[in-house]
Amino acid sequence: MVNHLRVDREEKYEIVEKWFLKDLEMIDGKEADTDNPYFDMHFHKVYNLEAYSCASKYTFARTLNKLNETYLKKDLKIVNFDETYLNDDSIWSSNNRDCLVLMRICFYASNLLCLSLCPLS
């Protein structure tokens, strides 16, 4: 866990607490249907955390899941997250997911607009 401090124009980050991934039992996104940055991490104790944004919350969960699959291969429970945005094999996945999602939505919308304006004869 990192604490963000801003003193005048300087930004500082200090490590407040560390955990081992092997001790993580579950990540609870609290509400999959709403756009909120809050989530819980269950270790020997439950920690209530807030990410910078909902997108960063999902990126964090994807990263933990990927690290778990690569190194630990244990059953990590990730609950109350939208599966579409959590899996790397989904249509929305990329390294910069937020920009890619927006680009694809705009691309599909412009295609639909072009098709709707074409005369059918």
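The values are calculated or read from the model by the stated rules, or taken from the named source; none is laboratory data. What you see is a predicted model, and the numbers here were worked out from it, not measured in a lab. Because the Cβ atoms are built from the backbone with ideal geometry, glycine has one as well, and the counts that use them run over all protein chains shown. Each accessible area value is taken on the protein alone, full model and side chains, heavy atoms only, with ligands, DNA and RNA left out. Shrake-Rupley method; radii C 1.70, N 1.55, O 1.52, S 1.80 Å.
Values computed for the structure shown
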| quantity | calculated |
| --- | --- |
| Matching option when the condition is at pLDDT 90 or above, over 22 Å from HIS4 (Cβ atoms) and part of a loop (DSSP other than H, G, I, E, B), among ASP75, ASP89, ASP33 | ASP75 |
| Of all residues making up the stretch 15-27, the number that are of a type outside the set (Phe, Trp, Tyr) and open to solvent by less than 90 Å² (accessible area, probe 1.4 Å) | 7 |
| Any hit, the stretch 37-50, residues being within 19 Å of the chain's Cα centre (by Cα), part of a loop (DSSP other than H, G, I, E, B) and among the charged types (D, E, K, R) | no |
| Which listed residue is under 20 Å from VAL101 (Cα atoms) and open to solvent by 100 Å² or more (accessible area, probe 1.4 Å), from ASP75, ASP33, ASP8 | ASP33 |
| Enumeration of residues in the stretch 32-62 that are touching a strand residue (DSSP E or B) at 6+ places or on another chain (Cβ under 8 Å) and not hydrophobic (A, V, I, L, M, F, W, C) | PRO37, TYR38, ASP40, HIS42, TYR47, ASN48, GLU50, LYS57 |
